[in-house]
Amino acid sequence: MRAGQRLDAELKASLEIRQRQGLYRQRQTLYSPQQPQVRLLDQTCLAFCSNDYLGLAADPRVVSALKEGAARYGVGGGASHLVSGHSYAHHALEEALAEFTQRPRALLFSSGYMANLGVLTALLSAQDRVYQDRLNHASLLDGGRLSAARFRRYPHQDVQRLAQWLQQDETSGRRLVVTDGVFSMDGDVARLDDLARICHAENAYLMVDDAHGFGVLGQQGGGCAEAFNLNVDELPILIGTLGKAFGTAGAFVAGSETLIETLIQFARPYIYTTSLPPAVAHATLTSLQLLREEGHRREHLRQLIQQFRTGCQALGLNLMPSSTPIQPLVVGSAQAALAMSDALRARGIWVTAIRPPTVPEGTARLRVTLTASHTSEQVDRLLNALAQASRVDNDQS
Ligand SMILES: *Cc1c(COP(=O)(O)O)cnc(C)c1O
């Protein structure tokens, strides 16, 4: 057997296991922008599974800004930020994000995954400790592992347990408490007032990844920091991503001058990568403006969330306690979640099944997400399809 064949034979074994478990993942190719009606190869369907919460990903004004940015700055960044890839477009966006988050400075990263890895590895070393909610995003967990700090995961939202651990654990090193602002697969909001209080009492530092809060929570879309009114002392390390409600791509860290300078010096995923395309940064200036100013998008979204929850309750569906656009329906087994997703697809509705290891074993779910560009009529169509699909499901079981 040739080496390539031998490698394939080894790899196939784990693929087959994954397939048998109902955990095999496949991509769907989109032939349209990210929007409620998406075109797939053989079907146009109504999608409820993007993170484009404000409907900005294909907004004509953001698209024009991207074109303008490309005309002005070209496409590629051409180098990493510290070599020669730091463009005025990046600079202007960092200034705008700092002002938006009411932090002294902000630093752009190419993705949220890299921002989390970068911050955690730059701030933590072996003598330090990091405490994370069990349901934190994979990038936070990976960053924690990579950092070499002692790593403890507290039960989801169990602030009392966290407080106990902080009281008991002794260390001369630094202690970081890290949480999603809005939990990405559950949609619930972290208890940031309690976490900030505990961190203050125990001399720990709070870090929030607000990937799903920005644009959605707060009067101006300022996310958890705005909703909980947490300043840079109470919440010194704030992460946002630009690929969700902002509708573009990339991520940022907002905090003190010293924090940002530290990241520029020591965050390897910042240093050793090509800068985000400057045109994307330029387009994000426009999406930031829309995100702040067009409060009617948040208002409409709130109404859709209410409509969806009321509808699901009437149908007796297993809705999770969430007030955000992430409205998961827990199904249980991976196979059942896939079957439910297929049943919806047969009715022209696309909701992805989320399975382990993304979520804990036995809690596979349909992660329904609503956006400001959905209409109330479209949410009714989703509810009707769910009613039919769950009826079929019950008949079979
Ligand atoms: C999506 C997400 C990320 C990753 O951001 P990308 O820019 O997509 O890499 C990080 N944290 C959370 C909580 C997320 O939901």
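Among the residues of the range 153-190, those that are among the charged types (D, E, K, R) and either within 16 Å of the ligand (Cβ to nearest atom) or in contact (Cβ under 8 Å) with a residue 60 or more places away in the chain (or both) comprise Arg153, Asp180, Asp186, Asp188.
Pairs meeting the criteria (first residue in the range 39-54 and open to solvent by 20 Å² or more (accessible area, probe 1.4 Å), second residue within 16 Å of the ligand (Cβ to nearest atom) and assigned to a strand (DSSP E or B), beta carbons under 6 Å, at least 6 apart or on different chains) are Cys49/Thr369. Against the numbered list (1) in contact with a helix residue (DSSP H, G or I) (Cβ under 8 Å, 6 or more places away or on another chain); (2) of a type outside the set (Lys, Arg); (3) assigned to a helix (DSSP H, G or I); (4) within 16 Å of the ligand (Cβ to nearest atom), Leu141 comes up short only at (1).
The set of residues in the range 202-239 that are without any contact (Cβ under 8 Å) to a residue 24 or more places away in the chain and not in a loop (DSSP other than H, G, I, E, B) contains only Glu226. Elements of the type helices (runs of 4 or more DSSP H) sitting completely within the range 263-362 and holding at least 1 residues that are modelled with pLDDT of 95 or more, open to solvent by less than 30 Å² (accessible area, probe 1.4 Å) and closer than 26 Å to Gln35 by Cα: these cover 278-293, 295-315, 334-345. Candidates in the range 62-106 are the residues that are among the β-branched types (Val, Ile, Thr) and open to solvent by less than 20 Å² (accessible area, probe 1.4 Å); of these, the one that is farthest from the chain's Cα centre (by Cα) is Val62. Residue pairs whose Cβ atoms lie under 6 Å apart, separated by 6 or more positions or on different chains, with the first residue in the range 240-259 and within 9 Å of the ligand (Cβ to nearest atom) and the second among the aromatic types (Phe, Trp, Tyr), are Ala251/Phe109.
Does Val83 fit the bill of being closer than 19 Å to Ala245 by Cα and more than 15 Å from the ligand (Cβ to nearest atom)? In short, no.
The values are calculated or read from the model by the stated rules, or taken from the named source; none is laboratory data. Note that the structure is predicted; figures quoted are calculated from it, not measured. Here Cβ is always computed from backbone atoms with ideal geometry, including for glycine, and neighbour counts include all displayed protein chains. When the accessible area is computed, the model is the full protein with side chains, heavy atoms only, and any ligands, DNA or RNA have been set aside. Shrake-Rupley method; radii C 1.70, N 1.55, O 1.52, S 1.80 Å.
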